[in-house]
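Here the structure is laid out as structure tokens; the discussion comes afterwards.
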There are 4 protein chains.
Amino acid sequence: MKIGFIGLGNMGRPMALNLVKAGHELAVFDPVPASVQALSTAGAHAATSVQAVAQTHGLEMLITMLPAAAHVRAVYLGEDGLLAVVPKGVLLVDSSTIDPMTAREVAAAAQRQGNAMVDAPVSGGTGGAEAGTLTFMVGGADGDFARVQPVLARMGRNIVHCGGAGNGQVAKVANNMLLGISMIGAAEAMSLGVALGMDAQVLAGVINTSSGRCWSTDTYNPFPGVLPNAPASRGYTGGFGTDLMLKDLGLATEAARAAKLPVAMGALAQQLYQGFSAQGHGGLDFSAIIETIRGKAA
Amino acid sequence: MKIGFIGLGNMGRPMALNLVKAGHELAVFDPVPASVQALSTAGAHAATSVQAVAQTHGLEMLITMLPAAAHVRAVYLGEDGLLAVVPKGVLLVDSSTIDPMTAREVAAAAQRQGNAMVDAPVSGGTGGAEAGTLTFMVGGADGDFARVQPVLARMGRNIVHCGGAGNGQVAKVANNMLLGISMIGAAEAMSLGVALGMDAQVLAGVINTSSGRCWSTDTYNPFPGVLPNAPASRGYTGGFGTDLMLKDLGLATEAARAAKLPVAMGALAQQLYQGFSAQGHGGLDFSAIIETIRGKAA
Amino acid sequence: MKIGFIGLGNMGRPMALNLVKAGHELAVFDPVPASVQALSTAGAHAATSVQAVAQTHGLEMLITMLPAAAHVRAVYLGEDGLLAVVPKGVLLVDSSTIDPMTAREVAAAAQRQGNAMVDAPVSGGTGGAEAGTLTFMVGGADGDFARVQPVLARMGRNIVHCGGAGNGQVAKVANNMLLGISMIGAAEAMSLGVALGMDAQVLAGVINTSSGRCWSTDTYNPFPGVLPNAPASRGYTGGFGTDLMLKDLGLATEAARAAKLPVAMGALAQQLYQGFSAQGHGGLDFSAIIETIRGKAA
Amino acid sequence: MKIGFIGLGNMGRPMALNLVKAGHELAVFDPVPASVQALSTAGAHAATSVQAVAQTHGLEMLITMLPAAAHVRAVYLGEDGLLAVVPKGVLLVDSSTIDPMTAREVAAAAQRQGNAMVDAPVSGGTGGAEAGTLTFMVGGADGDFARVQPVLARMGRNIVHCGGAGNGQVAKVANNMLLGISMIGAAEAMSLGVALGMDAQVLAGVINTSSGRCWSTDTYNPFPGVLPNAPASRGYTGGFGTDLMLKDLGLATEAARAAKLPVAMGALAQQLYQGFSAQGHGGLDFSAIIETIRGKAA
């Protein structure tokens, strides 16, 4: 399939590479020339602009992977933006993580131009992007989901249809807010149990067979040494950075504000990660928040 | 085995009944005569006092199931309390949910008198007590755990050894604090996703295969209709009452205070349940806290 | 002085009227014709557009009073916006409450066009606007402050110079975040003391001569009956609406996010007011938040 | 007047000294001999036990200043405690800071023995104790207040009658909870304003004439350099220690739990100070909490 790909950063680059490896014909662009070069070497066509990607002859699908809503707006809705130049019928896929309201606004504008659009934010980090094991949370019409599913499946393992336009973003923001909360909950519970004299492994074992069980205790336990493969057991390197969690919690609390819904735990979690990041730890895996509870952070 | 059982309330009565059914000889006491009568009818020996239970001829084990630490102190340590009258060698088992510090203090006093003691708080509620499917979190020496295990197994399904004296209480308080936090997290995430336009079932499905997954979403989801057997789908009746969760969060934050450990999420969860209870909803299942987020509570 | 005034809502209308009464020549505009009519009747010149106000012959100063940052951007920076048409040298004054970043961006754009600009958000509510007793928090150069001060003094009593461009907004957002926090603190303290048996008036008296003293206890006490003139003593009508407090807390937490500064109490306060508003009480004075603590809200 | 004084720690010693200086005859006791010696040198009679103080010939009033509720219970209600030996008619005054429930329980027991009792906790710290400028918050009957007032006035400047027994403790716990909240609120607001570009002195000036005004901004501002005499301007030494604030917040949240009253801000404040103390800063003035917001703490 002929696919355009715009945005070749830490996530976009390995995702696009996986599409090339799967045999798709890619036209790619990124403002950083080195990123374009890397894809070009792998066999993709290096376009010279957003517009050039959109006007690639025979284009069937166009994927964007951008840092934030402002970039999505600019790339799609700006003067000379994608919607002004892309041929009708090209299926648009935005994999950026942005707020649901913007996702819906852009999708509606695309629809008016004659282009179907789905939002398809991912989870799984750069490791998942490289391994092709990302989770895609997809918002869009049934037929459009059917068209993108096989393409996304070359970049990810778990492709979930979440409903209409914007719902991919909704699912991601809701899931990650809960993740941000339960990680701190896990950190408080593990720290409390150990402070009161329990062995961390034994405590994790009890919780994981009880009602406190969660992904943050059984798969990604923040206490060092409990899970050999978790970031906690390698100095909180790699994994999902605190500043990325902060971005998602910012989207969640902003969405809650727009929906006038009280999210006291989500907002408190945001501030606790913010304090940790302000101390200079924004690059550590988010499970390192446990250090603020155990008194190890500085 | 000849077993004493003191405390025949909503939890203690069905627990003791399961021991009688399993063929154990029970001597029982409770200040409420009707509770004693119920066990007596089932075949237990009705004792007339705490002391009488302790002095039952040939007693091998003595189980207590009491409302709070003050009762445990009074029954064990008071003048004429259990430790003053129970023969050396009788194994003491306290299944009350109390703070770890008191549990350890009483166990140490028992040890000095020549009686081994384990703490064995339960989770699973009155339903689990009746069905014999409770979880017991046990703190005590290895040999003592080996002795109580077969007895507890007639009242529960999951008998977990958590380490030395008091660790059963530690495990319970840590697990339940995390449960209290993740339930509100689940309630915020489900409410936010639905407010932003997602179907509750679809959202739960996404979360349950993602990093937000927890017992509060996959087994006990607070959103009405997601899980047919959860309290949320029957008006939040039955289940684990808000006021019981409040008791456990009170134990958790007190233990954290003694340990000088910050538990911001645990403390906020406590206050949110407290507000809900103060509005008159302390008898509802704790997952009903979602009503304060969705704006349905009054 | 010849002054333009754009934005004649609940706040802008009485403010503009006070300028007319003070003898200034006003050219006014608002998209709602009735609002323009009211000023016209009082002696102002009714302009037919934003542009017409800006091009009033001999204009010396132009004041805007708009709902939110998006409106400020549109009115100043949009195509055909103020900056495109206003003559160099006219002093621009924005009294809207918006985020400091936008305020600084607009001021810098004005500067580039040859127009000095100050931000001058107010506090004091519609009552203060009518009585001419508003507080103005002004950000801008010393000379510009000197020029606006006598004009603002016809609409307010307290005209404070907070430093350079944007600092008026900074001062307001910081002050109001603290206000939002201390009001809930006052509500919790008053409710706790009364629940424990103290008379509300006596308790307020003690606090007001002690270290808990704050504007929310000595001037605007949230407990009914303590201060006869406070909203609490008239059913929480009038005053400063919960939804206005919510707007300001939203600005504060967004600014803190941009500055990467943890504001746990500010964020929690925001969510508590948000829950109260979601229950339908957004129109009540913000001190009514005490009802969620005393268990009176529904 | 002949007065007994039990408890000669950092607070009790200077308080007792002020009574001696005022010409009262004192009989004193403390388990630390050096403390007794200091008073004896100043002219007080050194008693050898709590009981000896109580049985001093001609005793009219007996004041206690003890660390916590457990000590108050032991000294008054224990076997051989004060109530067992003090002559009827001696007026009992407890200046310890404890929970209102215990204060009322001890006062009721005293009443049954024929001794009137008032609770009279103080604020003002060791500096106030030495200078005789403490604030006393007094709970007790009108006639008893009238009797203690002149005595307390030799140790303090502000003697406030808060209502019946226990109300002194209620007033203190309510006031100090609000203080703990508004100090963090002040710290967040000052830090936010400065991070956004304002001068700290100018910001404090604006807040102190606006609705954010509180004791924590106008008398004890936590930002270094704003008030030359505040602990913030001398490295947060002296003043009111973080661990003392923690003790009071513990009393407040426990009292709220007993009263089933949600105090979300009070509980969050407690955890924030707890985290600061756990990092080793419990001895710093509580306004140093601002360092956790500005990212200066380690």
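Some notes on this structure:
- Residue in region C:273-293 that is among the charged types (D, E, K, R) and out of contact with any Gly (no Cβ under 6 Å at 6 or more places or on another chain) present: yes
- For residue D:169, the requirement of being in a helix (DSSP H, G or I) and open to solvent by 20 Å² or more (accessible area, probe 1.4 Å) is not met.
- Hits in region B:205-219 (condition: more than 7 Å from every other protein chain (Cβ to nearest Cβ) and crowded, with 24+ Cβ neighbours inside 10 Å): B:216, B:217
- Failed item, numbered, when residue B:98 is tested on (1) assigned to a loop (DSSP other than H, G, I, E, B); (2) surrounded by fewer than 24 Cβ atoms within 10 Å (Cβ to Cβ); (3) hydrophobic (A, V, I, L, M, F, W, C): (2)
- Unmet requirement for residue D:134, which otherwise passes all of (1) within 8 Å of another protein chain (Cβ to nearest Cβ); (2) touching a residue at least 60 places away in the same chain (Cβ under 8 Å); (3) touching a Ser or Thr at 6+ places or on another chain (Cβ under 8 Å): (1)
- Every pair of residues 6+ apart whose Cβ atoms lie under 8 Å, when the first sits in region D:70-93 and is farther than 15 Å from residue D:56 by Cα while the second is of a type in the set (Asp, Glu) and part of a helix (DSSP H, G or I): none
- Among residues of region D:52-67 being open to solvent by 40 Å² or more (accessible area, probe 1.4 Å) and over 18 Å from residue D:12 (Cα atoms), the one that is nearest to the chain's Cα centre (by Cα) is D:60.
- Total residues in region C:137-155 satisfying the condition of being polar (S, T, N, Q) and either outside any helix (DSSP H, G or I) or within 14 Å of chain D (Cβ to nearest Cβ) (or both): the figure is 0.
- Screening region D:101-135 for residues that are on the phi > 0 side of the Ramachandran plot and outside any helix (DSSP H, G or I) and picking the one that is least open to solvent (accessible area, probe 1.4 Å) gives D:132.
- Hey, residue B:267 in a helix (DSSP H, G or I), open to solvent by less than 40 Å² (accessible area, probe 1.4 Å) and either facing chain D (nearest Cβ under 7 Å) or modelled with pLDDT under 95 (or both) or not: yes
- Candidates A:18, A:10, filtered to the one that is over 25 Å from residue A:108 (Cα atoms), modelled with pLDDT under 95 and not hydroxyl-bearing (Ser, Thr, Tyr): A:10
- Test: residue in region B:161-168 that is modelled with pLDDT of 95 or more and closer than 30 Å to residue A:257 by Cβ: no
- Residue within region C:187-200 that is more than 11 Å from chain D (Cβ to nearest Cβ) and either closer than 22 Å to residue C:12 by Cβ or buried (at least 19 other Cβ atoms within 10 Å of the Cβ) (or both) present: no
- Candidate set from region B:273-286 (those that are more than 28 Å from residue B:166 (Cα to Cα) and part of a helix (DSSP H, G or I)); member that is most open to solvent (accessible area, probe 1.4 Å): B:280
- Criterion applied to C:185, C:197, C:180 was being assigned to a loop (DSSP other than H, G, I, E, B), assigned by TED's automatic domain parsing to the domain that holds residue C:283 and under 30 Å from residue B:274 (Cα atoms), and the one residue passing it is C:197.
- Filtered residues of region B:246-263 (kept if facing another protein chain (nearest Cβ under 9 Å) and either of a type in the set (Lys, Arg) or open to solvent by 10 Å² or more (accessible area, probe 1.4 Å) (or both)): B:246, B:253, B:254, B:257, B:258, B:259, B:260, B:261, B:262
- Filtering region C:270-289 to residues that are touching a strand residue (DSSP E or B) at 6+ places or on another chain (Cβ under 8 Å) and either at the interface with chain A (Cβ under 10 Å from one of its Cβ atoms) or aromatic (Phe, Trp, Tyr) (or both) leaves C:282, C:286.
- In region D:32-62, residue nearest to residue D:7 (Cα to Cα) [restricted to those that are polar (S, T, N, Q) and in contact with a helix residue (DSSP H, G or I) (Cβ under 7 Å, 6 or more places away or on another chain)]: D:35
- Matching option when the condition is of a type in the set (Gly, Ala, Ser) and at pLDDT below 95, among B:210, B:233, B:216: B:210
- Of residues in region B:229-245 being free of Cβ contacts under 8 Å to residues at least 60 places away in the same chain and in a loop (DSSP other than H, G, I, E, B), the one surrounded by the most Cβ atoms within 10 Å (Cβ to Cβ): B:236
- Any chance residue B:226 is surrounded by fewer than 24 Cβ atoms within 10 Å (Cβ to Cβ) and either more than 7 Å from chain A (Cβ to nearest Cβ) or part of a helix (DSSP H, G or I) (or both): yes
- Criterion (open to solvent by 50 Å² or more (accessible area, probe 1.4 Å), within 17 Å of the chain's Cα centre (by Cα) and hydrophobic (A, V, I, L, M, F, W, C)) met by exactly one of B:16, B:34, B:74, B:70: B:70
- If you check D:158, D:176 for being surrounded by fewer than 19 Cβ atoms within 10 Å (Cβ to Cβ), under 14 Å from the mean Cα position of the chain (by Cα) and within 12 Å of chain C (Cβ to nearest Cβ), only one passes: D:158.
The values are calculated or read from the model by the stated rules, or taken from the named source; none is laboratory data. Quantities reported herein were computed from a predicted structural model and do not represent experimental measurements. Ideal geometry is used to build each Cβ from the backbone, glycine not excepted, and the neighbour counts take in all protein chains shown. With ligands, DNA and RNA removed, areas are computed over all heavy atoms of the protein, side chains included. Shrake-Rupley method; radii C 1.70, N 1.55, O 1.52, S 1.80 Å.
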